[in-house]
Structure formats: C-alpha cells, structure tokens
1. On the protein heavy atoms, probe 1.4 angstrom, tell me the percent of accessible surface of the chain carried by carbon and sulfur.
2. Evaluate the Debye formula for the stretch 44-105 with equal point scatterers sitting on the alpha carbons, no solvent, and hand back log10 of I(q)/I(0) at q = 0.12, 0.16, 0.21, 0.23 Å⁻¹, in q order, two decimals.
3. Could you grab the relative contact order for the chain? Cα pairs under 8 Å, six or more apart, rounded to a whole percent.
4. How big is the chain by Rg and Dmax over its Cα atoms, in Å?
5. HN-Hα J couplings of the stretch 41-47 from phi, Karplus 6.51/-1.76/1.60, θ = phi - 60°, integer Hz, Gly and Pro as x?
6. Report the full-extension gain for the segment Arg92 to Met66: residue separation times 0.36 nm, less the Cα-Cα distance, to one decimal in nm.
7. If you roll a 1.4 Å probe over the heavy atoms of the protein chains, what accessible area per residue do you get for the chain, in Å²?
8. Need the full-extension length gain, Ala26 to Ala80, defined as separation in residues times 0.36 nm minus the C-alpha distance. One decimal, nm.
Amino acid sequence: MQTTGAKLTSDDREVFASIFKDGKNARHDVPWQAFQLAMEHFGFTIKSGDGSHWVFTPPAAWGAKMITFHQPHGTRMINARIQDRFAKRLRRQYRWTAGTFRAKK
C-alpha cells in the first residue's frame, strides 16, 4: 500500500503512537478531533455518515477501501479500549503498524 507523501506532524505521530502502542509511555486518551486531523494529514478524505459514524476514504492511488469509525460520545476521547479496536481495524484494512508512522531519520 502506498503511504508516501503523507504530511504528518509530530502531534499526528503521537496520535498513531498511542493507537498502535508504540513506546513505553505512548498510550493516552486521544481527542477525536486529533484522530480526524491525523487521518486527514495522512491523505484521507473524511465525511460525516449516519449519526456519529464517520467515513474515512483513502487516496485513490492506494486502491484501498474506505473505513468507518464511530465517534465516541460524551468526552469525545478515544480511550485505550477504543484505540485497540481502531488499531485492529487499521491493521487489517491497511496493514498499518506502529512503524508506519515513525519519523524517518
């Protein structure tokens, strides 16, 4: 899968480090808006679906399908349990791992 050209910020990398448990102290609650912004910076188009569902469509060049996520209610924070589900789905759909988001040195 093509993932080059992504314009991730250090904040975006922190979001994905938490979701994919990259590093000893990486896991923390992630604001929903930070997740959306990180996905957008990675090249996804994001649209509101039914209710609190959001549709994330990858760049056409990837030849990959879209994925939907349910926006957490209440605090709008993605806690560890939800992050585990997000990570599992992102691994299965796009073969992403923690290494996908590490800054190149």
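The values are calculated or read from the model by the stated rules, or taken from the named source; none is laboratory data. Just so you know, these numbers come straight off a predicted model, no measurement behind them. Quick note on the areas: whole protein, heavy atoms, side chains included, nothing else; ligands and nucleic acids left out. Shrake-Rupley method; radii C 1.70, N 1.55, O 1.52, S 1.80 Å.
1. Numbers: 3250 of 6470 Å².
Carbon and sulfur together cover 50 percent of it.
2. -0.36, -0.63, -1.01, -1.13
3. 30 percent
4. Here Rg and the maximum Cα pair distance are 12.9, 41 Å.
5. 5, 7, x, 7, 9, 10, 9
6. 8.1 nm
7. With the other protein chains kept in place, the chain gives 62 Å² per residue.
8. Numbers: separation 54, 0.36 × 54 = 19.44 nm, distance 1.08 nm.
Length difference between fully extended and current span is 18.4 nm.
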